[in-house]
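The values are calculated or read from the model by the stated rules, or taken from the named source; none is laboratory data. Please read all numbers here as calculations on a predicted model, not as lab measurements. Heads up, the Cβs are rebuilt from the backbone with ideal geometry, glycines too, and the neighbour counts pull from every protein chain shown. Calculation scope for accessible area: heavy atoms of the full protein, side chains included, ligands and nucleic acids excluded. Shrake-Rupley method; radii C 1.70, N 1.55, O 1.52, S 1.80 Å.
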Amino acid sequence: MKGVVGDRIKKGEKLGNVGHSGNSTSPHLHFQLMDSADIAQSNGLPFLFEEYEVYRKGVWESVYNQIPAHTDRIRFYKK
């Protein structure tokens, strides 16, 4: 899954594998969207998840077209 600067992705394309290493408490994936290939001059872009589930008050709730809060416990559940 090695990309190069300027690569574009499409819906459904695999970005990477989740992993658990270093000082973390659970598997996770880091990625960043930018408005330019120049990391020194670019701005970060928001990213909406089409569908995921968030754990609230003991149950998993479906969420659509949202950005999770930094405190949310989320999962992707493919039906």
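From the set of residues in the stretch 13-26 that are open to solvent by less than 80 Å² (accessible area, probe 1.4 Å) and in a loop (DSSP other than H, G, I, E, B), which is farthest from Glu50 (Cα to Cα)? Spell out how you get there, then give the answer.
Quick first cut of the stretch 13-26, residues open to solvent by less than 80 Å² (accessible area, probe 1.4 Å) only: 15-16, 19, 22, 24, 26.
This time we only want the ones that are in a loop (DSSP other than H, G, I, E, B), so: 15-16, 22, 24, 26.
Details: Leu15: 15, Gly16: 18, Gly22: 29, Ser24: 26, Ser26: 23 Å.
So, considering only residues that are open to solvent by less than 80 Å² (accessible area, probe 1.4 Å) and in a loop (DSSP other than H, G, I, E, B), the one farthest from Glu50 (Cα to Cα) is Gly22.
For the stretch 32-43, name all the residues that are open to solvent by less than 100 Å² (accessible area, probe 1.4 Å), in a loop (DSSP other than H, G, I, E, B) and free of Cβ contacts under 8 Å to residues at least 12 places away in the same chain. Full working, then the answer.
Narrowing the stretch 32-43 to residues open to solvent by less than 100 Å² (accessible area, probe 1.4 Å): 33-38, 40, 42-43.
After this cut, where a residue has to be in a loop (DSSP other than H, G, I, E, B) as well, the list is 33, 35-38, 40, 42-43.
Asp35, Ser36, Asp38, Ala40, Ser42, Asn43, listed by residue number.
Taking Asp72 as the residue in question, decide whether it is without any contact (Cβ under 8 Å) to a residue 24 or more places away in the chain and more than 14 Å from the chain's Cα centre (by Cα). Even if it seems obvious, please write down each step before you answer.
Numbers: without any contact (Cβ under 8 Å) to a residue 24 or more places away in the chain: yes; more than 14 Å from the chain's Cα centre (by Cα): no.
Against the criterion (without any contact (Cβ under 8 Å) to a residue 24 or more places away in the chain and more than 14 Å from the chain's Cα centre (by Cα)), Asp72 does not qualify.
Can you tell me which residue in the stretch 44-79 is least open to solvent (accessible area, probe 1.4 Å), limited to those that are part of a strand (DSSP E or B) and among the β-branched types (Val, Ile, Thr)?
Taking the stretch 44-79 and keeping what is part of a strand (DSSP E or B), we get 44, 49-56, 59-66, 74-75.
The next check asks that each one be among the β-branched types (Val, Ile, Thr); those that pass are 54, 59, 63, 74.
Details: Val54: 1, Val59: 77, Val63: 19, Ile74: 70 Å².
Of everything passing the filter in the stretch 44-79, Val54 is least open to solvent (accessible area, probe 1.4 Å).
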